[in-house]
Each structure stands twice: as structure tokens, then as C-alpha cells.
1. Under 10 Å, Cα contacts only: if you run a Gaussian network model on the chain, which one of 188, 165, 135 comes out with the highest mean-square fluctuation?
2. At 1.4 Å probe size, with the rest of the protein present, what percent of the exposed accessible area of the chain is carbon and sulfur atoms?
3. For segment 75-191, report the % of Cα-Cα distances exceeding 18 Å.
4. For segment 1-102, would you read off the P(r) tail past 20 Å as a percentage of all alpha carbon pairs?
5. Can you give the FRET efficiency for residue 153 and residue 3, using 1/(1 + (r/R0)^6), R0 = 41 Å, r = Cβ-Cβ distance, to the nearest 0.05?
6. Largest first and in whole Å, what are the equivalent-ellipsoid semi-axes of segment 155-218 based on the Cα gyration tensor, each being the root of 5 times an eigenvalue?
7. Which value results for Rg/Rh of the chain when Rg is the Cα radius of gyration and Rh the Kirkwood radius based on the inverse mean 1/r?
8. In whole percent, what relative contact order does the chain give with Cα contacts below 8 Å and a gap of six or more residues?
Amino acid sequence: MENALQHFRRARLDQAADALRRNNFQARVTDTAEEARQVVLSTIIPSLDPAPRIVSWGGSMSLAATGLMDDLRGSDMEAINGFDKSLPYEENIERRRQALLSDLYFTGTNAVTEAGQLVNLDMIGNRVAAMTFGPRHVVVVAGYNKLTPTLDEAMCRTKDLAAPPNAMRLDKKTPCVKTARCEDCSSPDRICNMWTIHEKCFPKGRIHVVLVNQDLGL
């Protein structure tokens, strides 16, 4: 039964990868987070031209699950870490601004549609800004749980299934922390402020999407 489920999920991810490629993304499917890590390190990064010198990343539980951030911090590339808990908030914000001019940027995504769209909702916008423009190359890591049949379902997934637990994880003072559902609030701590929908990738091939046949992140 487990093998049948894995085969089913893999087939769905393969179809989504085909749709992403038709939309000018580069897309790969892996079975595990570790395999995704190896693909990034041994295939994607070496293929980039010119070779990236500066790397950065957005906040992403999916990315963290691969262990890639440790690899990036220990690489020959200059790493801009905008999430250093030892630094003041203002300095991390400045680093996130600098990250928008990195050569290579890593992030997760809130949802991937079966039509090959990427859907995201951000608090301050650093992650979606980098995905849209700035870094020369972007690598997106997404687990099977991020796959949705339609754009509407992707947006519902983001608001109803991803945002409330993320607000809890980040210890935000928002109504959804108490009710476990989006209240479309006006809290100063609201994390749902900026939508982006990547219908297609431009320039072609700038964004590499690695789909993983495991549930990763929220």
C-alpha cells in the first residue's frame, strides 16, 4: 500500500514538473529531502553560469529540512544570512535587503499548482521580492504537501493551512494563533501581506524548482 501511495504521489509530482517546464521553470523531482540536497549541490549549482559568488536564502522549513543552509554557509560562496538570531532585527533586515542582489537565492514556496504556478504570501516581502527580481538564480524546494490542483486551492491552502501554524511557530500576536484559522485580521503582527503568483518564469530557466516526494514544511 505504501509503495502504491508513493508511486501515486510521484506521478503527480512528475506531472507538475512537466507543467512547470512548460511555464519556463527548470524542474526536477526527487524522492527525499536528502536527494534534493544532492541534486542542488552536484547538479544545479555546478550548472549555473557564471558561477555564483554570493548566496542567500529566505525563511523556509522545507529548505531547512534538506540541510542545504549548512552546506551554503560552509561553501566557497559568500553567504548572506538574514536570519542570524545573534544580531539585532535591523541588521538582519539590512542583510535581507542585500540578499536581493545575490547571485543565488534559496527558498520554499507556499504552494505549487498542477498547472505549474508558484503561489506565495509574505509578511515583509523579502522572500517574494527575491523570487520575482534581483538574484540571478533562484532555487525553490517544495514537498508534496505544497501541491494543489488549482490556483484557488493554492490560495486557500496558503491562508488556511500554512499561515496560522506559521504565525504560531513565529509566536505572532494574531487572532489565528488562538482560533487556528485565518481571521483576515488587522494585527500589527499579521504575516499575510503580499501575494505573488508566478504564472511563468522570466527569464526562462531563472527559477529551479525541486519537488520532493515527502511532506516538507507547512
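1. So, out of 188, 165, 135, the one fluctuating most is 188.
2. 53
3. Working: 4000 of 6786 pairs.
So the pairs more than 18 Å apart make up 59 percent of the total in segment 75-191.
4. That fraction is 52 percent.
5. 0.95
6. So the equivalent ellipsoid measures 27, 15, 10 Å along its semi-axes.
7. Over the Cα atoms of the chain, Rg/Rh equals 0.95.
8. Averaging sequence separation for qualifying contacts and normalising by length gives 30 percent for the chain.
The values are calculated or read from the model by the stated rules, or taken from the named source; none is laboratory data. Computed from a predicted model, the values in this text were never measured in an experiment. All Cβ positions, glycine included, derive from the backbone under ideal geometry; neighbour counts span all protein chains shown. For the accessible areas, the whole protein counts, side chains as well, though only heavy atoms, and no ligand, DNA or RNA atoms are used. Shrake-Rupley method; radii C 1.70, N 1.55, O 1.52, S 1.80 Å.
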